[in-house]
Amino acid sequence: MGKKKQEMSQVYANSNNEFIFGENGGRGKHLSSFLKNLSLTGSSRQTSGSSLTGPGAESDADISSSIYGNLGYSADLSGATGGRASPSRDRKTSYSPTRSFRSVSGPVGAGYSHAESTERAGGGSPFSSNDRRSASHSRRSMKYTDLDDDWDAELDGLNEREKPQKTTPKLQSAPSLPPMVDSLYPDLTMAFSPQQQLSKESSIEPNNTTISNTSGVTTNKSDNFNSYNTSTVSSSKHLKFKKIMEPSSINIQDLRKLSWNGIPSELRAITWQILLGYLPTNKSRQESTLNRKRQEYLDGVDNIREIDFNETSSGGSNTPSTSNSSSQQLYHQINIDVKRTHPKIKLYSYAATQKSLRRILYLWSIRHPASGYVQGINDLCTPFYQIFLGHYLWQVQRAKISSASDVKRKEEEQNNSHLLVPGLFGDPSDSFEKDLLQSNDILQLDVMSFDPGRLSARVCNAIEADTYWCLSRLLENITDNYIHQQPGIIRQVNELNTLIAKIDVELLAHFQSEGIEFMQFSFRWMNCLLMRELSMPLITRMWDTYLSESPLGFNDFHVYVCAAFLIKFSDELKHKDFQEILLFLQNPPTQSWSESDVELMLSEAFIWQSLYKNATAHLR
Amino acid sequence: MSGRKKTLLKVIILGDSGVGKTSLMQQFVNSKFSHQYKATIGADFLTKEITVDGGKQVTLQIWDTAGQERFQSLGVAFYRGADCCVLCYDVTNEKSLNNLASWKDEFLIQSNVANPADFPFIIIGNKIDVDESKKIASLQKKLNNVTSNQLGGLNYPVFETSARDAINVEPAFEVVAKMALQQEELNEAGNDVSDDYNDAINIHLESESSSCMC
């Protein structure tokens, strides 16, 4: 009996470790950098204060709360489950120098993992709509014991998820609703409706031609923003995000849960940065952290002496001396790939965009020599670049609109400035920004066709740096996809195969009889995270969920998404032969897909993950 | 003869990143050229039905592979059962020419073909439409050097093409099809023979006559 107990505790400890390193591994790093920050900002007292034992618990909690925002979530949980006394934690407290850092992540990790496992089993996370959040603390511990309940919970979740979509049109009250739903300033959206626009313009500048021009393009713009800001985004969702973002330190767990179902487009940049652990959840530290990281990036780029990032002649640099140097080869590869990144989106055809991408990719590659640049990583940095650039543009547009509006609104903007990525907009000495603000087309600009050459170096650098760091964080979790022999991708392809064997035996049998290998079609799905298969707006929506599932969203969860993706076409594929299957999967018909298709796919993936992920655990 | 089932020929396109493999394939299969191709990841699959001399209908199944070295490790999934391999270089990029031999070696290792020495390769130098000044200096000499020293002195057919201007693409792939067909028939004959008599000499003779024709 005693022996068994020991075994059990080992199992427990192992699984706990797995969570610490798996679920919180990334954040462990953030923690360390946080500790570093602390010492940089002079409040290192806390770090040393956390030197443990009894009262250590409080300072741990302090630290973690200042990092993750108030971890009320896990704190509650540990309170409820006696987490503080949890054996794993005690064991850890008696350890080693790294302990301070572990013991912090200990309770957090444990709390999270408990909650996580119940939620996984119960399908709570994605569907647990936020209405249920308040009740969820108490429910969580109950769910533990009764798995059947979980199934009910999941169905509830599904139902609840349906509801908001149905009620959305009512909330939005008409097709005539302003194209740009703005959570921060609900009334600001009015400015975008053509009539309002007209009257406003005419009051500012009583010039007839300008007016007609503006209204003409405004209609175009409304299209842009409609596609950008899809109909599923309801204003209630905006309010929920706003509420979570309000406290001086943001509860990351709540933010994750809310993000699973999609992030409002104007909050996407800041939410992604928080979910990735790039932007601190503690508001007071956000600006200083970004300043430091942006400077760090710039220093990194400035230290690259061997490359002239303005050089774009891709042709064979014919002199053997240059073409043989490995840095030139690396640059050559990046250069030719950047030129053919998203060739159909105008944004990526501009010299300024391409130069930014070259710098980001080159710096990342030399900083990560084990993998180096691998084709496809160029695709992966574009959602960040585009979202962050779009966010800046949106800030400028907002400022433009508010400059023409009343004092009250300006005040509101002041109050909402914490919902913006800091350090981008609002430098009075930035003449490019002034020009942009005063340009006639500012309200019509769409990031998909914007030339970043119109931005100051200051803004370009900041967007680049943010992209660089976020890309780094993303790739951290899928490093083995890109190292020698790409073991991560091979594993994922095999997992996909195994998964299809469980979910759709007929399809697998058909593939086998036709001689189709999973590697032949799904390699790219893993290497580019389906970016070649889905349009950019759909990818950004998908990343909302992936990032909320971080750090494993881009890794484990992605395989389930790929399974859902493949099975979507199962019926068609079963009637095709070898050639037809490969040609079909190479160019799957997703052009007409909308966000709801992606959301359905994500939901299916989630269900399969909750069904099969744990089912395979005993085999390992 | 027409009653026989369609002949499938598997062709692999290899070469450094950016030499124009995808453009070549698009030009050959779809008769179009675009500046909008993305970098190939893993490998793309294309098919084209053509008639080779003697009026025989064949279907080419072409794997247009990614050029970056990192992807070489997954060649096994794509190279197996190939009937012909196209080695591509860029006439403006000397390194891509010098890499032909390593592409060939990599292919032979991973495809595990029966008779490596007799396996049909063809060499395509793409982008001849570019300005003369950008091309590799004394290309012919360097090409001869590569084929005779690095590629084992075997007389692989060489074509210089322009995927952009559709120069020489069609003729090159007619030869590809012809060589692949011979290889396919050889394999079948080889299989039959080895099943019945295990007559290695016969195989050798046939392959010799085929290389003379080219």
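Values in this text are rule-based calculations from the coordinates and carry no lab data. Model, not experiment: these values are computed from the prediction. Here Cβ is always computed from backbone atoms with ideal geometry, including for glycine, and neighbour counts include all displayed protein chains.
Structural remarks
- Taken about its Cα centre, the range B:18-172 carries a charge dipole of about 240 debye when Lys and Arg each add +1 at the Cβ and Asp and Glu each add -1 at the Cβ.
- Entries of A:K355/A:K400; A:K242/A:K293; A:K576/B:K48; A:K346/B:K48; B:K48/B:K134 with Cα pairs more than 21 Å apart: A:K355/A:K400; A:K242/A:K293; A:K346/B:K48; B:K48/B:K134
- Ordering B:Q110, B:P120, B:N145 by Cα displacement along the dipole of the range B:100-148 toward the positive end leaves B:N145 in first place; charges were set at the Cβ atoms of Lys, Arg (+1) and Asp, Glu (-1).
- Close amide H contacts of B:V11 (hydrogens built in the peptide plane, cut-off under 5 Å, sequence separation of 5 or more or a different chain): B:Q61, B:I62, B:W63, B:D83.
- Under a 5 Å amide H cut-off, with hydrogens placed 1.01 Å from N, B:T40 pairs with B:G67 among residues at least 5 apart or on other chains.
- Partner chain coverage, peptide A:336-343 - average Cβ within 10 angstrom: 4
- DSSP beta bridges in chain B [antiparallel fraction, %, rounded to 5]: 35
- Hz values of 3J(HN,Hα) by residue in the range A:374-386 - Karplus curve (6.51, -1.76, 1.60), Gly and Pro given as x: 10, 3, x, 5, 4, 5, 5, 8, 5, x, 4, 4, 5
- For peptide B:13-19, the mean count of partner chain Cβ atoms within 10 Å of a residue's Cβ comes to 3.
- For A:L279, the residues 5 or more places off, or on other chains, whose built amide H falls under 5 Å of its own are A:I274.
- Between B:E69, B:E106, B:E94, the residue with the greatest mean-square fluctuation in the GNM of chain B (Cα pairs under 10 Å linked by springs) is B:E69.
- Whole-number D in µm²/s for the range B:6-210 (Stokes-Einstein; Kirkwood sum over Cα pairs; 25 °C, 0.890 mPa s): 141
- Residue (of B:Y156, B:T65, B:Q182) at the positive-pole extreme of the range B:6-210, dipole from beta-carbon charges: B:T65
- In Hz, Karplus ³J(HN,Hα) per residue of the range B:54-60 (6.51, -1.76, 1.60; θ = phi - 60°; x = Gly, Pro): x, x, 7, 7, 10, 10, 8
- The range B:111-116 - phi-based ³J(HN,Hα) in whole Hz, Karplus 6.51/-1.76/1.60, Gly and Pro as x: 7, 6, 6, 5, 10, x
- Of B:K21/B:K141; A:K237/A:K257; A:K240/A:K408; A:K339/B:K21; A:K344/B:K38, those spanning more than 21 Å from alpha-carbon to alpha-carbon: B:K21/B:K141; A:K240/A:K408
- Lys/Arg +1, Asp/Glu -1 at C-beta; the range B:1-146 dipole; positive extreme among B:L87, B:T7, B:V19: B:T7
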